[in-house]
Structures are given as C-alpha cells and as structure tokens.
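Encoded as structure tokens, the structure appears first; notes follow it.
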Amino acid sequence: MGAAALYFLFGKKNCGASNERRRESLKNIATTNGECRPSNSDGDIIIVGAGVAGSALAYTLAKDGRRVHVIERDLTEPDRIVGELLQPGGYLKLTELGLEDCVDDIDAQRVYGYALFKDGKDTRLSYPLEKFHSDVSGRSFHNGRFIQRMRQKAATLPNVRLVQGTVTSLLEKNGTIKGVQYKNKSGQETTAYAPLTIVCDGCFSNLRRTLCNPKVDVPSCFVGLVLENCDLPYANHGHVILADPSPILFYPISSTEIRCLVDVPGQKVPSISNGEMANYLKNVVAPQIPPQLYDSFIAAIDKGNIRTMPNRSMPADPYPTPGALLMGDAFNMRHPLTGGGMTVALSDIVVLRDLLKPLRDLNDAPTLCKYLEAFYTLRKPVASTINTLAGALYKVFCASPDQARKEMRQACFDYLSLGGIFSNGPVSLLSGLNPRPLSLVFHFFAVAVYGVGRLLIPFPSPKRVWIGVRLISGASAIIFPIIKAEGVRQMFFPKTIAAYYRSPPVVR
C-alpha cells in the first residue's frame, strides 16, 4: 500500500516529466535507418575511461567477441581515497563477469561485515553469507591496484585496444553519436569511430551533459588518512562511528594499512596548508574514535598525508541518444558512505552484457537506442535501492540538534543492534546481496516506528507524542525525495514501462 501511495503521489508526475524530456531529446535524433559505422571504424564499441566500470566493461564485451577500443586519460596507477571497498554483492557480480582474480595479488582484505559505534557502545553487523560459497565476502584494497589488475586483464584479450588519450568531444551527426575526438599521448588530435560509444569517464566527466541531466549534489567531503600497523577493534570489518557532526569510517586496505575517512558536511573543509585541518582532526574528531585507534590516528595526522575528496550524488536521468550510452560514476553517483558504487557499476555491466549479447549488428543506431532504453529500466531496482539506502543512511547517521532526528539516529543504532532479521535485512541491502526496494522502505520505516515505540513506552506524554510525530515526518522527508529523484515507477513498478519488455531487433 505504501509503494502504491508513492506511485500515485510522485510517480505519474515524475514519469510524465521524464518521458516528456526524453521525447524532446528524441525529436532531435535522426530516425532513418542506415549505417552508423563509417568506413574508418575503429571497432564495434568505443569505451571512454578505463576505471573500474570501463575496464570491466571492456573485458566483458570483448569476451563476447566485440572489438573494443578503450581510451583512458591516464594509464598510470590511480591514487584515490574512495573506491576501496567492494561489497559482497559486487564481488558476486565480479565473479559472474569472470574478473574475480583481479582481487588476487594486491593484498586485498576480506570484509565480513560492519561494526557500528555510538556514544561508547558498539555492535557488530555480519553479512548474511551462510547461503554462499566460502569465497564470497566483501573485499577492501588499494583502488589503484585493483584498477590496474582490471586493465591488465582486459588488455590480455586480442580484440581490446587500450590507448592513453583525453577525449575532448563526442562526434555527432544528425543526432547520432558516431565516435569521439581525442588527444593522444603525444598531444595530437585524433578521431575514433564505432557504432556504439560508452562513456565511463568517472565522477568528473566532461561528456555527461550531452547524454543526461547532470543534477550533481555535493553534501559533504571525505578527509582521508592511512593508519599503519594497528588493529581494528573487529578484524576484517568496516567500522562506522556515529560521530558529531557526521560519520567516520575505518576499513583495512592492506595487511598493514587501515583507511580512515572523516566525513565533513558541506563543500568547504578546513585548510590543510595552514594547519586548520590537523587541528580539526585532533580536537574534534580524535576524541570520538575508538581508543584502540587513537594513537595511530594522531600519528597519521602528524605524518601529514591528509587528502580530501568531495562526495557527489547524482540520480540517473539519461537522454536516450543513438550511438551512445553512459555508465559508472559518469552516469549515476550516490554518497560513498555505504561503499555501493562499484556494486552498482558491476551490476549495470551484467545487465548491459545480457542485453547486447543477442545482437550481431550494432550499426542501426536509432533501433539500438530504443532497444537500450531497456537498460535504464532493468538496472533501476538494484541501483536505486543501493542509491536510496546510501542517501538515507547518511542523513540518519549525521548528528542534528533536532530532537526528532536525534531519536531517529538512536533508533537506527538500537534497531540494528537487535540482531536477527532486524540487522540481516538492512545489511543484506547494504551489501548488495538483497537489493529490493520494498525491503528498503519496510526496514526504513520499521526503524522510525521502533523509534516512536521507544518514545511512547512505558508512559507517553504530549511532548513525546509530538516528537514521535515529527520523527515519522522527518523519516518521510528523508526518504521520499530520494525515491522521487530515483524514479518511483522505475524503482517499484519497472514492469509497467514498455522498455522493460523490449526484445532485440530481429537480425536476418
């Protein structure tokens, strides 16, 4: 009933506007059939970017016999402070794509769940892995090492051409993307052509504006440190500290290193160069972390290798365009608190692989474009569940002076501490093992109702009743806008969308 109410409240209006934008976009697209591949075609598919999404996609499509041309701005090993935790659901997708060996030989650490800390109390939340093979768990690692392994794996296939270059623009003719223009490693302007161009150039994409509605929100920034030669309170677990003003994360990235990410709300952070950041970390953050990590945390600050990274969120709102497709962080982002980005990207690749597999010819761009609209629908339940959970959890976990928000935060901690279905359900969603939208809505409002129950038992008072009403209202104000941005109909009722049933073009 709740899902139906969401649809009637937000779905029709939202979907009507979305469909109107797509119709306007398609008005400018040539609808005549014809060859999309020029005589100097560089392959079947061009992939812009060789990060996690681009590398995995190149290997997957090449394994299916496609000729893939990958263009990456910088082929040296990346050095990032995010993209270091792969949830178990993401590892299952990695295995399905035949890339599970990419976490070998990079000192990756197994992760079996989370530990949650608040006001001196803690609880352990284990992944529900009982039904899976013993090799299935989360993995944490240096992001750059993982990406290099993926690139090496893709490059082993003879039909993958991996080159270093900076794509400056998409080549368009009569509304159809024909390929890309890029500067090669020596700085020369070069063009590449293919029937399908897939843009995977990450969160800083300069190509997404022509392919989607880029509503990017930056709710906070991560401040990254590496703690050396210390032990986490719970081995092989991610640690989340519900600190003031916002969460702090710890997780292993090698056998001797622990990544610490301090969330700082807003787009401005204290200056690193003049020492403001070090003072903030020592005086505000350090007193709130577990005692076992305190000395190593201070030592990491004194070492001085402090880095920052804006946390971006962007719902997927594509403009269907013949000859082109968006994927990865160029297309869809969520707050990295829950580590769901790589799981969404790998899940999307599985969906796209299965859609493209029966197609022998990619040259009929308008027909292919209409067919690939099914991709945007089929990916929604998984991607939207992980996206919504990340956004909602971040808002719940942040400290607030509002009493109702405080109660919601405490209720979330206590609800997860109950164990059984109360922890297994949310952790299944978080891990990508059971990404079901209705399950997410159920558990989110179960936390809110649990919080109201805590307020009203044993003796309700007018003040407590009022706080309970505001708690429910606040919970609705957190999750409904996120669901609306993701698309109610696509998230809860994908089978009502025509593209869901679209079959491959008949090849004769």
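Looking for whichever is more than 19 Å from the chain's Cα centre (by Cα), among the β-branched types (Val, Ile, Thr) and on the phi < 0 side of the Ramachandran plot here; the options are 240, 199, 269, 218. Which one fits?
Selected residue: 269, the only one of 240, 199, 269, 218 that is more than 19 Å from the chain's Cα centre (by Cα), among the β-branched types (Val, Ile, Thr) and on the phi < 0 side of the Ramachandran plot.
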*What single numbered condition from (1) open to solvent by 20 Å² or more (accessible area, probe 1.4 Å); (2) of a type in the set (Gly, Ala, Ser); (3) touching a helix residue (DSSP H, G or I) at 6+ places or on another chain (Cβ under 9 Å) fails to hold for residue 113?*
(1)
_Can you pull out every residue in the stretch 480-494 that is surrounded by fewer than 24 Cβ atoms within 10 Å (Cβ to Cβ) and of a type in the set (Gly, Ala, Ser)?_
485
*Please indicate, with yes or no, whether at least one residue in the stretch 240-249 is assigned to a strand (DSSP E or B), in contact with an Asp or Glu (Cβ under 9 Å, 6 or more places away or on another chain) and under 30 Å from residue 105 (Cα atoms).*
yes
*Inside the stretch 342-362, can you point out the residues that are in contact with a strand residue (DSSP E or B) (Cβ under 8 Å, 6 or more places away or on another chain) and either over 26 Å from residue 480 (Cβ atoms) or open to solvent by 10 Å² or more (accessible area, probe 1.4 Å) (or both)?*
342, 352, 362
*For residue 147, all conditions in the list (1) closer than 28 Å to residue 313 by Cβ; (2) open to solvent by 60 Å² or more (accessible area, probe 1.4 Å) hold save one; what is the number of the exception?*
(2)
*If you go through the stretch 406-438 one residue at a time, how many are within 19 Å of the chain's Cα centre (by Cα), in a helix (DSSP H, G or I) and among the polar types (S, T, N, Q)?*
2
*asked:* Tell me the residue from 392, 404, 365 that is open to solvent by less than 10 Å² (accessible area, probe 1.4 Å), among the hydrophobic types (A, V, I, L, M, F, W, C) and within 18 Å of residue 316 (Cα to Cα), please.
replied: 392
_Any residue at all in the stretch 489-496 that's without any contact (Cβ under 8 Å) to a residue 12 or more places away in the chain, assigned to a helix (DSSP H, G or I) and under 28 Å from the mean Cα position of the chain (by Cα)?_
yes
*From the residues in the stretch 461-475 that are without any contact (Cβ under 8 Å) to a residue 12 or more places away in the chain and assigned to a helix (DSSP H, G or I), which one is surrounded by the most Cβ atoms within 10 Å (Cβ to Cβ)?*
464
*Using beta carbons and a limit of 9 Å, which pairs, at least six apart or on different chains, have the first residue in the stretch 342-362 and touching a residue at least 60 places away in the same chain (Cβ under 8 Å) and the second one surrounded by fewer than 18 Cβ atoms within 10 Å (Cβ to Cβ) and among the β-branched types (Val, Ile, Thr)?*
358/507; 359/507; 360/507; 361/507
*Any residue in the stretch 194-219 that's closer than 13 Å to residue 330 by Cβ and in a strand (DSSP E or B): show its pairings with residues that are open to solvent by 20 Å² or more (accessible area, probe 1.4 Å) and not β-branched (Val, Ile, Thr) at Cβ separation under 9 Å, as long as the two are six or more apart or on different chains.*
197/170; 197/171; 197/178; 199/170; 212/317; 212/319
*Among (1) part of a strand (DSSP E or B); (2) in contact with a Gly (Cβ under 6 Å, 6 or more places away or on another chain), which single condition is residue 329 missing?*
(1)
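Only one of these is modelled with pLDDT under 95 and either surrounded by fewer than 23 Cβ atoms within 10 Å (Cβ to Cβ) or touching a Gly at 6+ places or on another chain (Cβ under 9 Å) (or both): 371, 450, 415. Name it.
Residue meeting the stated conditions: 371.
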*Residue by residue through the stretch 289-310, note down the ones that are open to solvent by 60 Å² or more (accessible area, probe 1.4 Å) and either assigned to a helix (DSSP H, G or I) or at pLDDT below 95 (or both).*
291, 292, 294, 295, 302, 303, 305
*With respect to the numbered conditions (1) at pLDDT below 95; (2) under 28 Å from the mean Cα position of the chain (by Cα); (3) open to solvent by 30 Å² or more (accessible area, probe 1.4 Å), which one is the sole condition not fulfilled by residue 329?*
(1)
*Filter the stretch 221-235 down to the residues that are aliphatic (A, V, I, L, M) and open to solvent by less than 10 Å² (accessible area, probe 1.4 Å), then identify the one that is farthest from the chain's Cα centre (by Cα).*
227
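The values are calculated or read from the model by the stated rules, or taken from the named source; none is laboratory data. Not measured: the values here are computed from a predicted model. Please note: Cβ atoms are built from the backbone with ideal geometry, for glycine as well, and neighbour counts cover all protein chains shown. We work out accessible area using only protein heavy atoms, side chains counted, and drop any ligands, DNA or RNA first. Shrake-Rupley method; radii C 1.70, N 1.55, O 1.52, S 1.80 Å.
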